[in-house]
Amino acid sequence: MSSLPDVPLSVLDLSPVSEGISIGETLRNTLDLARATERLGFNRYWLAEHHNMPGIASSATAVLIGHVADATERIRVGSGGVMLPNHAPLVVAEQFGTLEAFHPGRIDLGIGRAPGTDQRTALALRGPGGLSAENFPEHLQELIGYFTHSEARGVNAAVAEGNQPPVWLLGSSGFSAQLAGRLGLPFSFAHHFAAENTIPAVQLYRDNFRPGALDEPYVMLGTSVVAAETDERAQFLAGPSGLTFLSLRRGRPIAMPTPEEAAEYPYTEMDRAFLADRFGSSIIGSPETVHKGLQQLLDDTDADELMITTMVHGHADRVRSYELIAGLKS
């Protein structure tokens, strides 16, 4: 088996909460995984903002980024992403300017426009008559503007001035792809849950790209991977992620169950069809199977970087998955 092409590999972590594991232990596992993936040579470690989900502990994203950056030395740490409609741009600029000041050259600010939650929770975050995704381009420009001083504006983010981390645009559709291109920003596409849009969105980004923060377009793809010693073991470990998503779809979100519980669940034919469609782009299997899947994704998209998310119940199994993935580069 040949090595993967020399593209950077990175990590997307949602700090998954497993059944029987406390939030404190979950967050300590995130720090342990960050240190492990840094040793393995991964390029970035991003945390994703989600709310009102008992199976995800990364809701206070900027706080968690600070702890991960403190626990590591080299790996870039950032947001994958901050959901801008949930936050005033000034607050985000102050948070990430502070992080960049503490950890110069190691922070990434990934921005998305989805709520990262259900509509009721979004209302609780934003307040009645609050922020809206409809004004996302304007809010994004406002946010970026706070990293430089402006007498005319009258409102400034002192801690952010001169401390701007690279700004990324995240997306799962053509809207964010075109906007990222027109602003000359790096683009991270959510292939792991919008695979049908991947190739059109990447092409839109490249077609619309104008030099800005970057001189050339840069595409990173988020992809779901579970690696284990055998295909059968990997499929077994991946089971809880499907049951967790099925429960969320039914409006009853849960912490991640054990692989045994997922295997014993009485799935209907409709359930199985739904999960096959939802997780059809996931790459699950032995190192050889994962190599083939990642290579095909790179061949199809010519991506500049891959960001791997691995959602399994056991922390040791998650670390082992990243070890096997890192081994594909050698």
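The values are calculated or read from the model by the stated rules, or taken from the named source; none is laboratory data. Note that the structure is predicted; figures quoted are calculated from it, not measured. A quick note on method: Cβ atoms are made from the backbone with ideal geometry, for glycine too, and the neighbour counts reach across all protein chains shown. To get the accessible areas, we keep the full protein, side chains included, count just its heavy atoms, and leave off ligands, DNA and RNA. Shrake-Rupley method; radii C 1.70, N 1.55, O 1.52, S 1.80 Å.
Here are a few things to note about the model shown:
- Residues with amide H under 5 Å from that of GLY78, placed H, sequence gap 5 or more: TYR45, TRP46, LEU47, ASP108
- Residues whose placed amide H lies under 5 Å from that of MET307, excluding near-sequence neighbours: SER10, LEU221, GLY222, THR223
- Test item: Cα-centred dipole of the range 125-264, Lys/Arg +1 and Asp/Glu -1 on Cβ, debye: 400
- Taking only protein heavy atoms and a 1.4 Å probe, the accessible area of the chain is 53% carbon and sulfur.
- Here the chain is treated with +1 on each Lys and Arg Cβ and -1 on each Asp and Glu Cβ, and its dipole about the Cα centre works out to around 460 debye.
- Solvent-accessible area per residue for the range 1-62 (1.4 angstrom probe, square angstrom): 40
- Alpha-carbon Rg with Dmax, taken over the range 1-133, Å: 15.7, 56
- When the residues GLU305, GLU216, GLU288 are ordered by accessible surface, computed with a 1.4 Å probe over the protein chains alone, the sequence from largest down reads GLU216, GLU288, GLU305.
- The reciprocal of the average 1/r between distinct C-alpha atoms defines the Kirkwood hydrodynamic radius, which for the chain equals 20.3 Å.
- Per DSSP, loop GluC sites (Glu not before Pro) in the range 213-261 with at most 14 further Cβ within 10 Å: GLU229
- Expressed to the nearest 5 percent, the antiparallel share of DSSP beta bridges inside the range 34-187 is 0 percent.
- Relative to the longest principal axis of the Cα atoms of the chain, the long axis of helix 198-208 lies at roughly 20 degrees.
- Positive contributions from Lys and Arg (+1) and negative ones from Asp and Glu (-1), summed over other residues with Cβ under 9 Å from the Cβ of PRO166, come out at 0.
- Each 10 Å bin from 0 upward holds the following percent of the Cα-Cα pairs of the range 187-327: 11, 38, 32, 15, 4, 0.
- Estimated FRET transfer efficiency (LYS292, ALA124; beta-carbon r; R0 45 Å; 0.05): 0.55
- Distant-in-sequence amide H partners of TRP168 (H built 1.01 Å from N, under 5 Å): LEU109, GLY110, ILE111
- At an R0 of 22 angstrom, the distance between the Cβ atoms of LEU31 and GLU305 translates into a FRET efficiency of 0.45.
- Note, ³J(HN,Hα) from phi for the range 292-307, Karplus 6.51, -1.76, 1.60, rounded to Hz, x at Gly and Pro: 4, x, 5, 4, 5, 4, 5, 4, 6, 10, 6, 5, 8, 7, 10, 10
- Dipole magnitude (debye, nearest 20) for the range 79-191, charges at Cβ of Lys, Arg, Asp, Glu: 240
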